[in-house]
Amino acid sequence: MIHVISKTHSRIATIIVAFNAGARVEAIGGYNPGIAHMLEHSLFKGTATRDSVQIQREIAFLGGHSNAFTSHESVAYYITVPYENLEPCMDILSDMVFNPVFPEDEFLKEKEVVKEEEASSKDDPTMYIWRNFSEEFFDNYLAEPVLGTQETISNFTNDEVRRFHSQFCQRKDAIVSVCSVLKKKDVKELLNKYFGKQNGKIKKSYKFKDSNYLDSRYLELTKGDLEHTYLWMGMPAVNMASKWDGAIQLLITILGRGMDCRLFTEVREKLGLVYGISANYSDWQHGGLSMIEFSTREENIEETLETVDKELKMIKTSMPTEEEVQRAKNKIRSSFYAAIEDSYSIAYWETKRRLFDIPAIDEYMNNIESVTRQDIIDVANLIFDEDRQLLTVCRGSDEAQQG
């Protein structure tokens with residue numbers, strides 16, 4: 001177990017319990033895909049001393065908010081609460097995570113809830129496109145849906161959830177992160193009391209392969225009543241904790257973040273072809289993705305793509321101005337500072353540091369400040385590889401577009 005204690009000026013405290021037990025470990029034990037996410041739901045359903053209603057009412061009485069998330073690479077459970085009530089919430093969260101009883105009736109009900117969650121994800125254009133895009137773009141665990149499918153969810157058993165919890169979510173494997181205004185000495189005492197003493201170690205990550213990326217190709221999708229056509233232009237980026245991370249953040253900011261960025265200026269402001277257009281960057285331990293995305297009417301697609309291609313070529317060959325680079329650095333500083341004002345963001349950042357070896361907050365900002373104009377051109381040529389591009393186009397049905 002690892003304890004992480006950090007400070008904030010906020011009077012809202014956060015306690016997170018996280019594990020290296022995301023969807024990618026399911027195949028190791030021969031589990032149904034989606035079982036890690038099913039466990040996330042199940043841990044809210046009762047312990048030997050609290051049923052599901054008591055858990056939520058106790059947290060609410062203390063002014064707290066509880067939630068959890070499951071990704072490909074981790075799972076985490078957390079409570080945010082006024083700092084005066086941090087101790088009883090630590091007791092509740094420890095009880096939830098380490099003493100679940102998995103009532104059969106609650107499991108059966110919650111399995112239906114997860115089916116509804118999976119079904120509703122197909123209604124959202126972004127989630128619908130992502131599921132199809134990721135399956136085509138990656139060739140490792142990132143290609144698999146975290147939620148599972150209707151078929152695999154139907155195959156879940158309560159015993160399977162218990163076994164997954166026993167294998168991957170025990171005390172010895174937990175990272176417990178607290179961010180509050182309290183003195184570190186006092187928080188350490190509470191952690192020892194409710195979670196046990198740390199030994200400073202967790203189970204090392206299992207071996208997973210990096211994703212490979214295929215040659216450029218085209219993926220065409222159709223989805224119901226869409227008025228716009230959605231386009232995603234995806235290219236490989238770098239894995240998490242890469243030395244290139246700071247340069248990529250600046251590159252993506254200059255190209256596609258905010259109303260001052262190049263793509264917004266050229267495609268929307270000058271040509272009026274789209275309502276919104278953006279560039280994004282996502283990284284995982286074993287894969288990375290740079291993405292340009294927009295939606296527009298069918299007659300605007302060709303000119304928009306030509307303009308995007310022109311901007312990509314320009315940023316790979318022409319040095320950005322000093323003003324552009326400093327503007328991007330200031331934007332990143334502003335958004336990053338805003339993000340770490342609250343205790344949850346700080347606690348989660350510190351959790352990720354222990355799981356994935358990302359830099360400390362100060363080191364991250366120093367990396368941003370050290371990026372040069374040449375670094376931005378270099379990384380643009382590294383990640384904007386038109387020979388390994390997946391262009392995904394999602395249109396509505398003919399009837400919807402004509403109607």
Restricting to region 215-230, and then to whatever is surrounded by 14 or more Cβ atoms within 10 Å (Cβ to Cβ) and touching a Lys or Arg at 6+ places or on another chain (Cβ under 7 Å), can you tell me which residue is modelled with the lowest pLDDT? LEU226
What tally of residues in region 139-157 results from selecting those that are farther than 16 Å from LYS115 by Cα and either hydrophobic (A, V, I, L, M, F, W, C) or in contact with a Gly (Cβ under 8 Å, 6 or more places away or on another chain) (or both)? 3
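For (1) part of a helix (DSSP H, G or I); (2) surrounded by 19 or more Cβ atoms within 10 Å (Cβ to Cβ); (3) assigned by TED's automatic domain parsing to the domain that holds GLY64; (4) modelled with pLDDT under 95, each residue gets a yes or a no:
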{"site": "GLU341", "(1), (2), (3), (4)": "no, no, no, yes"}
{"site": "TYR344", "(1), (2), (3), (4)": "yes, yes, no, no"}
{"site": "TRP349", "(1), (2), (3), (4)": "yes, yes, no, no"}
{"site": "ASP362", "(1), (2), (3), (4)": "yes, no, no, yes"}
{"site": "MET365", "(1), (2), (3), (4)": "yes, no, no, yes"}
{"site": "ILE376", "(1), (2), (3), (4)": "yes, yes, no, no"}
{"site": "ALA380", "(1), (2), (3), (4)": "yes, yes, no, no"}
{"site": "LEU391", "(1), (2), (3), (4)": "no, no, no, no"}
{"site": "CYS394", "(1), (2), (3), (4)": "no, yes, no, no"}
Cβ-Cβ distance below 6 Å, separation of 6 or more or different chains: which pairs start in region 325-353 with a residue that is of a type in the set (Lys, Arg) and end on one that is crowded, with 21+ Cβ neighbours inside 10 Å? LYS331/THR253
Kindly provide the set of residues from region 39-84 that are over 21 Å from GLU160 (Cβ atoms) and of a type in the set (S, T, N, Q), ordered by number. THR49, GLN54, GLN56, SER66, ASN67, THR80
Say whether the condition of being in contact with an Asp or Glu (Cβ under 8 Å, 6 or more places away or on another chain), of a type outside the set (D, E, K, R) and at pLDDT 95 or above is met by at least one residue in region 136-143. yes
Can you tell me which residues in region 50-72 are closer than 14 Å to THR14 by Cβ and of a type in the set (Phe, Trp, Tyr)? PHE69
Members of region 161-177 found to be farther than 13 Å from ALA21 by Cα and crowded, with 22+ Cβ neighbours inside 10 Å, listed by number: VAL176, SER177
If you go through region 134-158 one residue at a time, how many are within 18 Å of ALA21 (Cβ to Cβ), among the hydrophobic types (A, V, I, L, M, F, W, C) and assigned to a loop (DSSP other than H, G, I, E, B)? 3
Selection count, region 39-70, where residues are closer than 20 Å to ASP159 by Cα and in contact with a Leu (Cβ under 9 Å, 6 or more places away or on another chain): 1
Failed condition for GLN326, given (1) within 30 Å of ASP210 (Cβ to Cβ); (2) surrounded by fewer than 18 Cβ atoms within 10 Å (Cβ to Cβ), with all others met? (1)
Expected output for region 186-209 (first residue on the phi < 0 side of the Ramachandran plot and buried (at least 16 other Cβ atoms within 10 Å of the Cβ), partner hydroxyl-bearing (Ser, Thr, Tyr) and outside any helix (DSSP H, G or I), Cβ below 9 Å, 6+ apart or cross-chain) is VAL187/SER180
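The values are calculated or read from the model by the stated rules, or taken from the named source; none is laboratory data. A quick note: this is a predicted structure, and the numbers were derived from the prediction, not measured. When we count neighbours, we look across all protein chains shown, and the Cβ atoms used for this are built from the backbone with ideal geometry, even at glycine.
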